[in-house]
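Novice: Here it is, the structure in full.
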Amino acid sequence: MDRMIDPDLLATLVAIAETGSFTGAAERVLRSQSAVSMQVKRLEDMVARPLFTREGRNVSLTPAGETLLVHARRILRAHREAIAEFSERELAGEITIGTPDDYASTYLPSILSLFTEANPKLTLNVVCEPSMTLSQRIREGSVDIALTTRGNGEVGGTIVHAEPLMWMGSRQHCAHERDPLPLAVFGEHCCFRTAMLRTLAEQGREARIAVTSVSIAGIYAAMEAGLAISCLASSNLTASLRSFGRADGFPDLPDVQLLLQRAAGRRSLALDELEERIVDHFRRWRRVPQAA
């Protein structure tokens, strides 16, 4: 292969890999689905290898596709950096990023500190709301990019991280021994709440909702005061709390999947860079063993 690869083709490859479908990629790159299919065909002809395997509407990368994806991201990053280097302006403007407050406190500090250090003229608006609300705001376009929990009414998006849900409660109190079991929960449509109630019902254990809060601060307060137990992502376990598992009589919980969503039609170097930093953050997270 001695021809140059059009960066637009590489951008489409990245979009398919991150959205998991040709339809999602078409929305991302602002092309028709047939145009995306033609771009993939051109890429596969150039490298003389299949890049994707298709299962219904979903697609996944072949080993050759995974290899090309690494090069594609590197080339596109260099392309953006070259444009920025010779641009008359630095990256500026505003970006609105949304996430539930439990992810805001866990993941955003390290992501945003590096991003804003590299782009000091950008203004970031951080919106902390439930995942279902943020998914709606992404569809409306009032939020540019959002990190949400999968399973809350979203359309599209890229799964960037998964970790276990974990039963948690105070180290100093015994709320976990009460009958019925007192629970601290988020709002009615929260998938954490659904998982708690479903798994306890399947176990045949009686429970009651003792505390409802729209924020993780309220959930923490209820647990630390010994009013209730709850379930959160494992990364939200703090020193004042302990986890409960099978040995304590608690059923297994499903993993929670974090979804990166982006408003349709939003194109900017700054938004591309922020999306890339979020994806890279979780890629590094997976490579580093987390403390038990």
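The values are calculated or read from the model by the stated rules, or taken from the named source; none is laboratory data. Treat the numbers as computed from the prediction; the structure is a model and nothing was measured. Here the Cβ is made from the backbone with ideal geometry for all residues, glycine too, and neighbour counts use every protein chain on show. Each accessible area value is taken on the protein alone, full model and side chains, heavy atoms only, with ligands, DNA and RNA left out. Shrake-Rupley method; radii C 1.70, N 1.55, O 1.52, S 1.80 Å.
Novice: Return the residues of region 206-225 that are out of contact with any Ser or Thr (no Cβ under 9 Å at 6 or more places or on another chain) and assigned to a loop (DSSP other than H, G, I, E, B); say none if nothing qualifies.
Specialist: Glu206, Ser213, Val214, Ser215
Novice: Right, next: Every residue in region 112-123 that is open to solvent by less than 40 Å² (accessible area, probe 1.4 Å) and either in contact with a strand residue (DSSP E or B) (Cβ under 6 Å, 6 or more places away or on another chain) or modelled with pLDDT of 85 or more (or both), please.
Specialist: So the first thing to find is which residues in region 112-123 are open to solvent by less than 40 Å² (accessible area, probe 1.4 Å), and the list is 112, 115, 119, 122.
Of everything in region 112-123, just one residue is open to solvent by less than 40 Å² (accessible area, probe 1.4 Å) and either in contact with a strand residue (DSSP E or B) (Cβ under 6 Å, 6 or more places away or on another chain) or modelled with pLDDT of 85 or more (or both), namely Leu112.
Novice: Next question. For region 226-262, enumerate the residues that are of a type in the set (D, E, K, R) and either part of a strand (DSSP E or B) or within 17 Å of Leu183 (Cα to Cα) (or both). Write out each step before concluding.
Specialist: Restricting attention to region 226-262, the residues satisfying the condition of being of a type in the set (D, E, K, R) are 242, 246, 248, 252, 255, 262.
Answer for region 226-262, where residues must be of a type in the set (D, E, K, R) and either part of a strand (DSSP E or B) or within 17 Å of Leu183 (Cα to Cα) (or both): Arg242, Asp248, Asp252, Asp255, Arg262.
Novice: Can you tell me which residues in region 99-111 are assigned to a loop (DSSP other than H, G, I, E, B) and open to solvent by less than 10 Å² (accessible area, probe 1.4 Å)? I'd like the intermediate steps shown before the answer.
Specialist: Keep residues of region 99-111 that are assigned to a loop (DSSP other than H, G, I, E, B), which gives 99-100, 107.
The answer is Thr99, Tyr107.
Novice: Mind listing whichever residues of region 43-64 are of a type in the set (D, E, K, R) and surrounded by 14 or more Cβ atoms within 10 Å (Cβ to Cβ)?
Specialist: Going through region 43-64, the residues of a type in the set (D, E, K, R) turn out to be 44-45, 49, 54-55, 57.
Glu44, Arg49, listed by residue number.
Novice: Taking region 186-198 as the region of interest, how many residues are within 26 Å of Phe282 (Cβ to Cβ) and either out of contact with any helix residue (DSSP H, G or I) (no Cβ under 8 Å at 6 or more places or on another chain) or buried (at least 17 other Cβ atoms within 10 Å of the Cβ) (or both)? Break it down stepwise before answering.
Specialist: Filtering region 186-198 down to residues within 26 Å of Phe282 (Cβ to Cβ) leaves 186-187, 189-196.
In the following step, the residues that additionally are either out of contact with any helix residue (DSSP H, G or I) (no Cβ under 8 Å at 6 or more places or on another chain) or buried (at least 17 other Cβ atoms within 10 Å of the Cβ) (or both) were identified as 186, 190-196.
Here the count works out to 8.
A quick yes/no check of all residues on (1) under 25 Å from Ser142 (Cα atoms); (2) not hydroxyl-bearing (Ser, Thr, Tyr):
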position: His176; (1), (2): no, yes
position: Glu202; (1), (2): no, yes
position: Val214; (1), (2): yes, yes
position: Ala222; (1), (2): no, yes
position: Ser230; (1), (2): no, no
position: Ser243; (1), (2): no, no
position: Pro254; (1), (2): no, yes
position: Gly265; (1), (2): yes, yes
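Novice: Among the residues of region 141-185, write down those that are free of Cβ contacts under 8 Å to residues at least 40 places away in the same chain and open to solvent by 30 Å² or more (accessible area, probe 1.4 Å).
Specialist: Of all residues in region 141-185, those free of Cβ contacts under 8 Å to residues at least 40 places away in the same chain come to 152-153, 155, 177-180.
Gly153, Val155, Glu177, Arg178, Asp179, Pro180 - these are the residues of region 141-185 that are free of Cβ contacts under 8 Å to residues at least 40 places away in the same chain and open to solvent by 30 Å² or more (accessible area, probe 1.4 Å).
Novice: Which of (1) buried (at least 19 other Cβ atoms within 10 Å of the Cβ); (2) modelled with pLDDT of 90 or more is the odd one out, the single condition Thr212 does not satisfy?
Specialist: (1)
Novice: Quick one: Ser87 ticks every box in (1) modelled with pLDDT of 85 or more; (2) in a loop (DSSP other than H, G, I, E, B); (3) polar (S, T, N, Q) except a single one, so which number is it?
Specialist: Against the list (1) modelled with pLDDT of 85 or more; (2) in a loop (DSSP other than H, G, I, E, B); (3) polar (S, T, N, Q), Ser87 comes up short only on (1).
Novice: Another question, if that's okay. I need a count of the residues in region 222-234 that are touching a helix residue (DSSP H, G or I) at 6+ places or on another chain (Cβ under 8 Å) and surrounded by fewer than 19 Cβ atoms within 10 Å (Cβ to Cβ).
Specialist: Step one: list which residues in region 222-234 are touching a helix residue (DSSP H, G or I) at 6+ places or on another chain (Cβ under 8 Å), which gives 223, 226-233.
Next, only the ones that are surrounded by fewer than 19 Cβ atoms within 10 Å (Cβ to Cβ) stay: 226-227.
The total comes to 2.
Novice: Something else: Condition check: under 20 Å from Leu237 (Cα atoms) and charged (D, E, K, R). Does Arg178 satisfy that? Give the steps one after another, and end with the answer.
Specialist: Working: under 20 Å from Leu237 (Cα atoms): no; charged (D, E, K, R): yes.
So Arg178 does not fit the description; no.
Novice: Determine if region 27-38 includes at least one residue that is polar (S, T, N, Q), out of contact with any Asp or Glu (no Cβ under 8 Å at 6 or more places or on another chain) and under 29 Å from Ala270 (Cβ atoms). It would help to see each step written out before you state the result.
Specialist: Here is the first cut: in region 27-38, the residues polar (S, T, N, Q) are 32-34, 37.
Checking which are out of contact with any Asp or Glu (no Cβ under 8 Å at 6 or more places or on another chain) leaves us with 32-34, 37.
Of the ones still in play, those that are also under 29 Å from Ala270 (Cβ atoms) are 32-33.
So far as region 27-38 goes, yes, one or more of its residues are polar (S, T, N, Q), out of contact with any Asp or Glu (no Cβ under 8 Å at 6 or more places or on another chain) and under 29 Å from Ala270 (Cβ atoms).
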